[in-house]
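The values are calculated or read from the model by the stated rules, or taken from the named source; none is laboratory data. This one's a predicted model, so the numbers in the text were calculated from it and none came from an experiment. Here the Cβ positions follow ideal geometry from the backbone for every residue, glycine too, while neighbour counts run over all protein chains shown.
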Amino acid sequence: MLAATLARHRSKPRVYIGCMKSGPVLSQKNVKYHEPEYWKFGEEGNKYFRHATGQIYAISKDLATYISINHPILHKYANEDVSLGSWFIGLEVEHIDERNMCCGTPPDCEWKAQAGNVCIASFDWSCSGICKSVEKIKFVHDRCGEGDAAVWSALF
């Protein structure tokens, strides 16, 4: 599924693919994902601009080259996904909200897989990844994965 999704967009010069979101800027200290520079986003309670959640995203070669060349002058916020999104705000970039990158762990991804909508990635929103991943990764893969044959039959 990941390879097929990326292949659909490979000819686009400036593409940013992911589970796009716009959550609150967290100004309170001692909370997970606190943004020390919250004041740059306007009044307290404002939201971040649209950006791909940090669990998984993809960018085109042109954008990767842009970052590589300009990294010394690109501002880095507390969270890497916010930083990446901020670097693309003033550029001509196609933002693609790929909903198959927005799946929760079972039962969410399992139901989608049964309906023929296999997820590219699955995660628990509460812990920004797979909670207890060492114990759960095989279970999630068995319930939500495409199956081993998908790798060998993929068309790029």
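Among the residues of the stretch 110-124, the ones that are surrounded by 14 or more Cβ atoms within 10 Å (Cβ to Cβ) and not in a helix (DSSP H, G or I) come to 7 in all. Any chance the stretch 71-81 includes a residue that's aliphatic (A, V, I, L, M), modelled with pLDDT under 95 and surrounded by fewer than 19 Cβ atoms within 10 Å (Cβ to Cβ)? Looking through the stretch 71-81, at least one residue is aliphatic (A, V, I, L, M), modelled with pLDDT under 95 and surrounded by fewer than 19 Cβ atoms within 10 Å (Cβ to Cβ). Annotation: His95 fulfils all but one of (1) farther than 24 Å from Tyr16 by Cβ; (2) touching a Gly at 6+ places or on another chain (Cβ under 9 Å); the unmet one is (1). Inside the stretch 89-109, can you point out the residues that are among the aliphatic types (A, V, I, L, M) and assigned to a helix (DSSP H, G or I)? Selection gives Met101 alone. Residues of the stretch 48-69 that are surrounded by fewer than 18 Cβ atoms within 10 Å (Cβ to Cβ), at pLDDT 95 or above and closer than 12 Å to Tyr16 by Cβ: Asp62, Ala64, Ile67. Screening the stretch 1-12 for residues that are touching a residue at least 24 places away in the same chain (Cβ under 8 Å) and part of a helix (DSSP H, G or I) and picking the one that is nearest to Glu94 (Cα to Cα) gives His9. Scanning the stretch 13-44 for residues that are part of a loop (DSSP other than H, G, I, E, B) and at pLDDT 95 or above yields a count of 1. Any residue in the stretch 109-127 that's not assigned by TED's automatic domain parsing to the domain that holds Val31 and among the basic types (Lys, Arg): show its pairings with residues that are modelled with pLDDT of 90 or more and in a loop (DSSP other than H, G, I, E, B) at Cβ separation under 6 Å, as long as the two are six or more apart or on different chains. Cβ pairs passing all conditions: Lys112/Cys119.
In the stretch 99-109 there is at least one residue that is at pLDDT 90 or above and exposed (fewer than 14 other Cβ atoms within 10 Å of the Cβ).
When Cys103, Cys127, Cys144, Cys119 are checked against the criterion of being within 30 Å of Ser27 (Cβ to Cβ), out of contact with any Phe, Trp or Tyr (no Cβ under 9 Å at 6 or more places or on another chain) and hydrophobic (A, V, I, L, M, F, W, C), a single residue qualifies: Cys127. When Asp124 is tested against the conditions (1) at pLDDT 90 or above; (2) in contact with a Cys (Cβ under 7 Å, 6 or more places away or on another chain); (3) of a type in the set (D, E, K, R), the lone failure is (1). Among the residues of the stretch 9-47, those identified as under 13 Å from Val82 (Cα atoms), basic (Lys, Arg) and exposed (fewer than 14 other Cβ atoms within 10 Å of the Cβ) are Lys40, Lys47.
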